[in-house]
1. Based on what the data block shows, is residue 138 acidic (Asp, Glu), touching a Leu at 6+ places or on another chain (Cβ under 7 Å), in contact (Cβ under 8 Å) with a residue 24 or more places away in the chain and surrounded by 13 or more Cβ atoms within 10 Å (Cβ to Cβ)?
2. Condition test on residue 93, is it surrounded by fewer than 19 Cβ atoms within 10 Å (Cβ to Cβ) and without any contact (Cβ under 8 Å) to a residue 24 or more places away in the chain?
3. Collect the residues in the range 221-237 that are open to solvent by 60 Å² or more (accessible area, probe 1.4 Å) and under 17 Å from residue 7 (Cα atoms), keeping them in residue-number order.
4. Could you list, in sequence order, the residues of the range 188-238 that are over 26 Å from residue 163 (Cβ atoms), within 19 Å of the chain's Cα centre (by Cα) and at pLDDT below 90?
5. In the range 199-213, is there at least one residue being in a loop (DSSP other than H, G, I, E, B) and buried (at least 18 other Cβ atoms within 10 Å of the Cβ)?
6. Could you pull out the residue among 146, 179, 168 that is crowded, with 21+ Cβ neighbours inside 10 Å, over 16 Å from residue 67 (Cα atoms) and not hydrophobic (A, V, I, L, M, F, W, C)?
7. Yes or no: residue 152 in contact (Cβ under 8 Å) with a residue 24 or more places away in the chain, outside any helix (DSSP H, G or I) and small (Gly, Ala, Ser)?
8. Taking residue 186 as the residue in question, decide whether it is among the β-branched types (Val, Ile, Thr) and either without any contact (Cβ under 8 Å) to a residue 60 or more places away in the chain or exposed (fewer than 11 other Cβ atoms within 10 Å of the Cβ) (or both).
Amino acid sequence: MITFNISQWRAWAPGLQTAADWQAWSQATQLPALAEQAPDVSFLPAMQRRRLSRLARMAFAVGWPLAEGLQDLPLVFVSRHGETPRTFEILGDLANEQPLSPTQFSLSVHNAVIGLWSIMRGETSEMTALAAAGDGFEQGVMEAAYLLGEGAPAVLLIVTEEQPPAAYGPWIDDVPFAYALGLLLTPGDDWQLALGTAAATLPASEPHALSWLRCLLRGNSTLTHTWKSRTWNWQRKP
């Protein structure tokens, strides 16, 4: 079991930007009609913004405000599928025997986002990019909690997924819409997360990060997530 506090959170999805937007979403039983949008990253210089995909923009949109005023802030970045639009474009160029863009390739790798984050913020703290399975959210929380245990005063966790190209539809069914969630974890015992081995419930019907956010906004004190043989038990103080 690990314990920690979550001092701040931010989330972004097309049409869902404010806390009030997400609060209304948490009470809905159906997905809202979400427009195709890109997050506002106008806090970055124009030359830097041009290098960012929508996945990277989502990560920066939720993470940058949480990191404001903090130095030496470790970062854990989690995305199960990563830059699917970019990699699909690269595969298309290969299929059409077109020359590949070195820039496109360098920005398609899974740790590209944390590399850009380090450069743009001048941040040299420990950073980790995870590509876990359906419980990548919990895996990221565990990684962040271990960093707190090693003495970090705070750790930034960013979980984000891009809507994949339609060609991936038969294989990627766990991204209902593009989204990003940022959490600032600090030492404490407001939250507990424990891993069990027996599946006690059916798998979550939506990505674990979004299910957790719905739980938070509804004021629930417990939550159980199951992925294959792993069951994650969440609990927070009333």
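1. yes
2. yes
3. Answer for the range 221-237, where residues must be open to solvent by 60 Å² or more (accessible area, probe 1.4 Å) and under 17 Å from residue 7 (Cα atoms): 235, 237.
4. none
5. yes
6. None of the others qualify; the one that does is 179.
7. yes
8. So residue 186 fails the test.
The values are calculated or read from the model by the stated rules, or taken from the named source; none is laboratory data. Computed from a predicted model, the values in this text were never measured in an experiment. Neighbour counts are summed over all protein chains in view; Cβ atoms, including those assigned to glycine, are modelled from backbone coordinates with ideal geometry. Only protein heavy atoms, including side chains, enter the accessible area calculation; ligands, DNA and RNA are left aside. Shrake-Rupley method; radii C 1.70, N 1.55, O 1.52, S 1.80 Å.
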